[in-house]
Amino acid sequence: MVASYTQLLGRRYGAQLDADAHEFIGYAVDGVRRMQALINDLLAYSRVGTRGGDFVRAEMGTVLARVLDVLGPAIEEQQAEITHDPLPTVRGDVGQFHQLLQNLIANAIKFRRPDVPPRVHLSAERTGEEWTFVVRDNGIGIDPEYADRIFVIFQRLHARSEYPGTGIGLAICKKIVERHGGRIWVESAAGQGSTFFFTIPDAE
Ligand code: ADP
């Protein structure tokens with residue numbers, strides 16, 4: 001309502017307002033949109049623990065196919081190419097696995113290098129009692145010094161004007177992985193692309 005009525009002011013009284021007023025309306029609408037995004041992301045973060053679904057058999061290949069469907073427009077717009085090896089069936093909360101893969105792949109596309117189309121590859125490897133999933137991109141990379149910090153809520157390495165976002169996505173990923181008894185981390189060098197890893201304990 002705040003955004004709609006502010007925009008309505010601009011439209012209905014547009015002729016009586018000067019350029020500054022229109023600029024201020026733009027800032028107000030932008031601020032409200034950001035507040036909405038922040039509230040939605042915070043809700044998603046708080047619900048990982050309280051509104052989690054049952055643990056069931058989760059075919060990660062099927063989960064990925066749905067995620068790629070949802071991200072279709074962004075993938076097309078960025079001319080991104082997402083490839084994957086065969087992915088295993090694990091046990092867990094399918095809705096949360098969807099959110100996890102979606103956040104990681106959306107980031108891999110968003111933090112792209114301007115001159116190279118995003119390439120993202122997913123794979124999984126069985127390591128002892130667990131599966132390690134790997135999401136590798138060819139984007140801007142992350143200075144190893146900040147590799148732990150990015151999983152903390154609201155921690156971002158870039159200005160919002162450079163790359164939009166609330167800084168909650170990876171904190172949600174960490175909470176989801178830890179609810180399943182796994183770990184998440186990143187390996188990267190600045191400018192070299194990033195590789196995110198997460199483990200999910202074996203179903204048995
Ligand atoms: P947001 O995407 O809203 O900024 P996230 O919690 O998803 O928040 O990510 C936190 C920060 O980690 C990002 O702001 C960015 O600096 C860094 N980051 C995340 N994913 C990637 C990636 N694939 N490549 C480079 N940097 C990344």
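Bear in mind these aren't lab numbers, they're just calculated from the coordinates by the rules spelled out. Just so you know, these numbers come straight off a predicted model, no measurement behind them. When we count neighbours, we look across all protein chains shown, and the Cβ atoms used for this are built from the backbone with ideal geometry, even at glycine.
Compute the distance from the alpha-carbon center of the range 1-26 to that of the range 88-115, in whole Å.
Cα centres, the range 1-26 to the range 88-115: 38 Å.
Quick one: angle between helix 19-50 and the longest Cα principal axis of the chain, in degrees between 0 and 90, rounded to 10, please.
The helix 19-50 is inclined about 30 degrees to the chain.
If you build the Cα gyration tensor of the range 75-133 and take the root of 5 times each eigenvalue, what three semi-axes come out, in whole angstrom, biggest first?
25, 13, 9
Starting from the Cα gyration tensor of the range 1-47, take the square roots of the eigenvalues, sort them a ≥ b ≥ c, and report rounded, prolate or oblate (rounded when a/c is under 1.5, otherwise prolate if a/b is larger than b/c, else oblate).
Because a/c hits 1.5 or more and a/b exceeds b/c, the range 1-47 counts as prolate.
Give me the angle, in degrees from 0 to 90, between the Cα long axis of helix 94-110 and the longest principal axis of the Cα atoms of the chain, rounded to the nearest 10.
The angle comes out near 60 degrees.
What FRET efficiency, computed as 1/(1 + (r/R0)^6) with R0 = 30 Å and r the Cβ-Cβ distance, is obtained for residue 143 and residue 39, rounded to the nearest 0.05?
0.50
Once both labels are modelled 7 Å past Cα along the beta-carbon direction, what's the residue 56-residue 113 spacing in nm?
4.2
In whole Å, what are the extents of the range 122-165 along the principal axes defined by its C-alpha atoms, from largest to smallest?
Per principal axis, max minus min of the Cα coordinates gives 42, 21, 19 Å.
Students often check this: by mean Cβ neighbours within 10 Å, which of 191-202, 70-81 ranks highest, and how do the rest follow?
My ranking of the peptides, most packed first, is 191-202, 70-81.
Can you compute the FRET efficiency between residue 183 and residue 30 using 1/(1 + (r/R0)^6), with r the Cβ-Cβ distance and R0 = 35 Å? Round to the nearest 0.05.
Numbers: r = 37 Å, r/R0 = 1.05.
Using R0 = 35 Å, I get an efficiency of 0.40.
Please report, to one decimal in angstroms, the Kirkwood hydrodynamic radius of the chain built from all distinct Cα-Cα pairs.
Working: mean 1/r = 0.0537 Å⁻¹.
In the chain this quantity evaluates to 18.6 Å.
Between residue 154 and residue 7, how high is the FRET efficiency from 1/(1 + (r/R0)^6) when r is the Cβ-Cβ distance and R₀ = 30 Å? Nearest 0.05.
Working from the Cβ atoms, E equals 0.60.
How much mean residue ellipticity at 222 nm does the chain get from its helices, if each DSSP H run of length 4 or more adds -39500 (n - 2.57) and you divide by all residues, to the nearest 500 deg cm²/dmol?
One gets -14000 deg cm²/dmol as the mean residue ellipticity at 222 nm.
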